[in-house]
Amino acid sequence: MVEGLKLVRRIALAEPLRRYVVDEFQPGEAVQSDADWLAYCRETGETVFHPTSTCRIGTVVDEHLRVKGLERLRVIDASVMPAVPSGNTNAAVVAIAEKGAGLVLASQ
């Protein structure tokens, strides 16, 4: 991120773009060192993806969404997805929830 933002600044300040740049709004001229850039990234950085794939099926949970090595614990949310989807996670999470509810009810 630091190197990418420094590159963007260099591009914006190079001709022919320089004549169209009135001022740098963010992060501003005070950010110069790599430490400054890193602090800026940490303060303002966000992800466009919803958190997913931290308890992948087959790795952390089995095909019944049960946590491997533990009893009576299931993970039924976006974290069981095997990979981060490129689109919205809503429909996939609803499907996981419905499947998980059915698995829980069937085990009682």
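Quick notes on this structure:
- Whole-Hz ³J(HN,Hα) from phi, Karplus 6.51 cos²θ - 1.76 cosθ + 1.60, for segment 22-35, glycine and proline x: 7, 7, 8, 6, 9, x, x, 5, 5, 7, 10, 7, 4, 5
- Residue-count net charge about VAL67 - beta-carbon cut-off 14 Å; Lys, Arg +1, Asp, Glu -1: +1
- The helix-only estimate of mean residue ellipticity at 222 nm for the chain, built from DSSP H runs of length n ≥ 4 each weighted as -39500 (n - 2.57), is -12000 deg cm²/dmol after division by the residue total.
- Amide hydrogen proximity for ARG74: with H placed 1.01 Å from N in the peptide plane, the residues at 5 or more positions away or on another chain lying under 5 Å are VAL67.
- Degrees, to the nearest 10: 90-106 long Cα axis against longest axis of the chain: 20
- Between the amide H of SER53 and those of SER79, VAL80, MET81, distances stay under 5 Å, these residues lying 5 or more places away or on another chain, with hydrogens modeled in the peptide plane.
- Charge dipole of the chain about the Cα centre (unit charges at C-beta), most positive-ward option of ALA39, ILE76, LEU7: ILE76
- Modelled label positions at ARG18 and LEU105, each set 7 Å beyond Cα in the direction of Cβ, lie 6.8 nm from each other.
- With all protein chains in place and a 1.4 Å probe, the accessible surface of the chain carries 58 percent carbon and sulfur.
- Computed E for LYS6/ASN88 - FRET, C-beta separation, R0 25 angstrom, nearest 0.05: 0.20
- Values of log10 I(q)/I(0) for the chain across q = 0.12, 0.19, 0.22 Å⁻¹ run -0.63, -0.92, -1.10, by the Debye formula with one identical scatterer at each alpha carbon and no solvent.
The values are calculated or read from the model by the stated rules, or taken from the named source; none is laboratory data. Computed from a prediction, not measured in an experiment: that's the story for all the values here. Positions of Cβ are backbone-derived with ideal geometry, glycine not excepted, and every protein chain shown enters the neighbour counts. In case anyone asks, the SASA skips ligands and DNA or RNA and just uses the protein heavy atoms, side chains included. Shrake-Rupley method; radii C 1.70, N 1.55, O 1.52, S 1.80 Å.
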